[in-house]
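One structure is given here, and the rest of the page talks about it.
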Amino acid sequence: MTGCVVVENGVIKKVIPRGGRTPAHADAVIDGKGLTLLPAFIDLHAHFRDPGFPGKETLESASLAARAGGYATVVCMANTKPPLDTFEAARSLRERSAALGLIDLHPAVALTKGMEGKELSGIKRGLMKQGNHALSIPDPPLLFSEDGKDVLDDALFLEALAAAAQLGSPVSCHCDNGGVEAEKAKQSGEPREVWSRIEENNATERAIRLGSQAGCALHIAHVSTKEAVAMIRDAKRKNPRVTCEATPHHIALAEKTAALLGAESFGRVNPPLRTEEDRRAIIAGVAGGVIDAIATDHAPHAAQDKAGGAPGFSGLETAFAVCCTELVRNGVVSLQKLSSLMSAAPARILGLKDRGVIREGLRADLVFVDTEAEWIVEPSAFKSRGKNSAFAGRKVFGKTLATMRAQAMRVVTV
Ligand code: NCD
């Protein structure tokens, strides 16, 4: 649509179609002619490395990267040092982020203490709050996750999933551990592409099974195999509380690129870039609605860490362009659908009812994009400290120009 969005006190006050009556007075008017205004993006999955790894990223550099990429809301993962395993630690990081004022940050809390897989994390004290309001424990986090570690013990995992169900927060499962069968394949010298596929497929099956048993909202992170897509498609028929995400790199790249970059260094990511067939299954999953959302899995590393095999890519600043290029320009989905994958769907998964679409009464978290802008990915220009991108040197289409976050009294016209 073309028209005008009126913002007052950080809230979308009016959406006026072209030709409608615009307000006579405004503190400021932003002319977005030729551009597209979208709801700001919401990332379900980023690694902010804070506390603990300032050589890779800090709260500030990650938040600046998020803003540059069009994100106003981000969930950051708990694999920090120390791991984020209490509600209090999550609240304190959230408060530090609020003081910066760049994005709305929601730290995920680990399922087990120290992410060691031995006993429940602060989720347990969170449960106690249910019966004892005198305990001063902050509200449950929007998401729990044990990150790439998963919880290996079935009984403990089930207990954690049941606790999350009781607290009403979804659990994001990274499905990187495939139990005995994957371990056997690893030990017998099978290549990574073989054992890591067993890992993801077995772990996805297990997470869906135990998540359904516990009755919690289960979110599968960074789906990358064709088998996992099929499993999730089936699971969703039986259990609508199963959701999943795909990353821009699994949508756009396959094992060939990893080999070119160095499969054990600059091309390494968890889960790995897989076959072209897997990539096509992810794209079909996006087109067909099996994949609910796009998440970056922004995983910044210092160059020497990448050279030494640290897995992951910086993704916040390229996600929109990569998806715009691969999905919209290639005719897989419309721009509107991409917007929903990056905003409305993550908002729904997180239970954030006040954002994700441009609608009167919702937060004025907005991003201007130029869908025609053509540019070359140059990681040295990233705001993120992690200059590791699998898209370095690639031509992409679609640029995020300005991210606005619940700002006071503005009129935006497009
Ligand atoms: C993640 C990171 O660097 O934190 N990396 C990644 O490749 N996704 C950790 C992980 O999930 O292995």
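Considering only residues that are open to solvent by 40 Å² or more (accessible area, probe 1.4 Å) and part of a helix (DSSP H, G or I), which ones fall in the stretch 280-322? If the condition is that a residue be open to solvent by 40 Å² or more (accessible area, probe 1.4 Å) and part of a helix (DSSP H, G or I), then 280, 284, 287, 288, 303, 304, 305, 307 are the ones that fit.
Tally time: how many residues in the stretch 21-46 are hydroxyl-bearing (Ser, Thr, Tyr) and closer than 30 Å to residue 348 by Cβ? Qualifying residue count for the region: 1. Residue check: is residue 112 hydroxyl-bearing (Ser, Thr, Tyr), over 29 Å from residue 357 (Cα atoms) and touching a residue at least 40 places away in the same chain (Cβ under 8 Å)? The answer is yes for residue 112. Taken over the stretch 53-84, the residue count meeting the criterion of being among the acidic types (Asp, Glu) and either in contact with a strand residue (DSSP E or B) (Cβ under 6 Å, 6 or more places away or on another chain) or surrounded by fewer than 24 Cβ atoms within 10 Å (Cβ to Cβ) (or both) is 1.
May I ask you to list the residues in the stretch 363-382 that are closer than 18 Å to residue 327 by Cα and not aliphatic (A, V, I, L, M)? Passing the criteria: 370, 371, 372, 374, 375. So is residue 248 in contact with a Pro (Cβ under 9 Å, 6 or more places away or on another chain) and within 16 Å of the ligand (Cβ to nearest atom) or not? When the stated conditions are applied, residue 248 does not pass them.
For the stretch 68-92, a residue qualifies if it is within 16 Å of the ligand (Cβ to nearest atom) and either within 13 Å of residue 295 (Cα to Cα) or touching a helix residue (DSSP H, G or I) at 6+ places or on another chain (Cβ under 9 Å) (or both), and the qualifying residues are 74, 75, 76, 77, 78, 79, 80, 82, 83, 84, 85.
In summary, residue 128 fulfils each of the numbered conditions (1) open to solvent by less than 50 Å² (accessible area, probe 1.4 Å); (2) modelled with pLDDT under 75 with the single exception of condition (1). Among the residues making up the stretch 95-114, those that are open to solvent by 10 Å² or more (accessible area, probe 1.4 Å) and more than 20 Å from residue 58 (Cβ to Cβ) are 113, 114. Look through the stretch 36-52, keep the residues that are among the hydrophobic types (A, V, I, L, M, F, W, C) and within 18 Å of residue 146 (Cβ to Cβ), and return whichever of them is surrounded by the most Cβ atoms within 10 Å (Cβ to Cβ). Among them, the one singled out is 44. Considering the conditions (1) at pLDDT 95 or above; (2) touching a strand residue (DSSP E or B) at 6+ places or on another chain (Cβ under 9 Å), residue 406 is excluded by exactly one of them, (1). Remark: pairs (first residue in the stretch 146-170, within 16 Å of the ligand (Cβ to nearest atom); second residue among the hydroxyl-bearing types (Ser, Thr, Tyr); Cβ separation under 7 Å; 6+ apart in sequence or on different chains) = 146/112; 151/112. Considering 178, 148, 168, the condition of being surrounded by 22 or more Cβ atoms within 10 Å (Cβ to Cβ) and modelled with pLDDT under 95 is satisfied by 178 alone. Within the option set 287, 307, being among the small types (Gly, Ala, Ser), farther than 23 Å from residue 76 by Cβ and more than 16 Å from the ligand (Cβ to nearest atom) holds for one residue only, 287. With respect to (1) within 16 Å of the ligand (Cβ to nearest atom); (2) aliphatic (A, V, I, L, M); (3) outside any loop (DSSP other than H, G, I, E, B), the lone exception for residue 390 is condition (3). If the condition is being out of contact with any Pro (no Cβ under 6 Å at 6 or more places or on another chain), of a type in the set (Ser, Thr, Tyr) and farther than 13 Å from residue 70 by Cα, then the stretch 372-404 contributes only 380. Restricting attention to the stretch 264-279, the residues being open to solvent by 10 Å² or more (accessible area, probe 1.4 Å) and either of a type in the set (Gly, Ala, Ser) or within 10 Å of the ligand (Cβ to nearest atom) (or both) number 4. Just so you know, in the stretch 10-33 the residues that are part of a loop (DSSP other than H, G, I, E, B) and at pLDDT 90 or above include one that is most open to solvent (accessible area, probe 1.4 Å), and it is 33. Restricting the first member to the stretch 282-307 and to residues that are closer than 25 Å to residue 232 by Cα, and the second to residues that are within 16 Å of the ligand (Cβ to nearest atom) and among the charged types (D, E, K, R), the beta-carbon pairs closer than 6 Å and six or more apart or on different chains are 293/245; 295/43; 295/245; 296/43.
Among the residues of the stretch 171-187, the ones that are more than 16 Å from the ligand (Cβ to nearest atom) and either within 15 Å of residue 108 (Cβ to Cβ) or not β-branched (Val, Ile, Thr) (or both) come to 6 in all.
The values are calculated or read from the model by the stated rules, or taken from the named source; none is laboratory data. Note that this is a predicted model, so its numbers are computed, not measured. For neighbour counting, all protein chains shown are included, and Cβ atoms are generated from backbone atoms with ideal geometry for every residue, glycine included. Just the protein is used for accessible areas: all its heavy atoms, side chains included, with ligands, DNA and RNA removed. Shrake-Rupley method; radii C 1.70, N 1.55, O 1.52, S 1.80 Å.
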